[in-house]
Every structure is written in structure tokens, then in C-alpha cells.
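No value in this document is a laboratory result; all are computed from the given coordinates. Everything numeric in this text was worked out from a predicted model, so none of it was measured. For neighbour counting, all protein chains shown are included, and Cβ atoms are generated from backbone atoms with ideal geometry for every residue, glycine included.
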Amino acid sequence: MRNDINMVLRSQPEIKQFIRQHPYWYRKLSRDPYQLQQLQVEVNQFYGRTFPQRMEKIQNNLQLAMMLIQMLQMNPFGGNQDQPPPME
């Protein structure tokens, strides 16, 4: 493999880990080192860094927060404030 590709792999451990998990990229980069940009695109998709993946994650977190707020508004554990606490 070319030295410039090795330098990129040493400087970015996430790409190095991705290539270890997907060894066909060793062959691809050895044969065509200009596919480094395509590798970066796949790494971003794998780690969930694309814009649609980030938006989906934000949306899921908002839905979870809304569900928790709704559960707290139902107040299943607190009971009514007018009632005295249960006797033990």
C-alpha cells in the first residue's frame, strides 16, 4: 500500500478500524488509491455521520423526550396532592 494511504490510516484510527472490519478495502486501495474519498464516505455512513442519519437520531431523541414528558404528565406514581400519603 502506498505511503500516503498508510499515513492517512495512522492519523485517523477510525478509518483504520473500519478497514480492519472490512478487509476488501485493503485490496481496493492497493489497486486504486484514489478511492480514498469513497472510503471516507463509507466510513461516515458506517459510523452514522451523514446528515440524514444525524437528523434521524435527533428525531428519535425528541420522540423519546416527548414520551417521557407525557408519562410524567400522567403522574402515575405521585397520586393526587389533595390525598394524604399512604400509611405504612
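Once you order the gyration tensor axes a ≥ b ≥ c over the Cα atoms, which shape class does the chain get: rounded for a/c under 1.5, otherwise prolate or oblate by comparing a/b with b/c? Prolate, because a/c is 1.5 or more and a/b exceeds b/c. Each Lys or Arg adds one and each Asp or Glu takes one away; over the other residues whose Cβ falls under 14 Å from the Cβ of Y34, this sums to +1.
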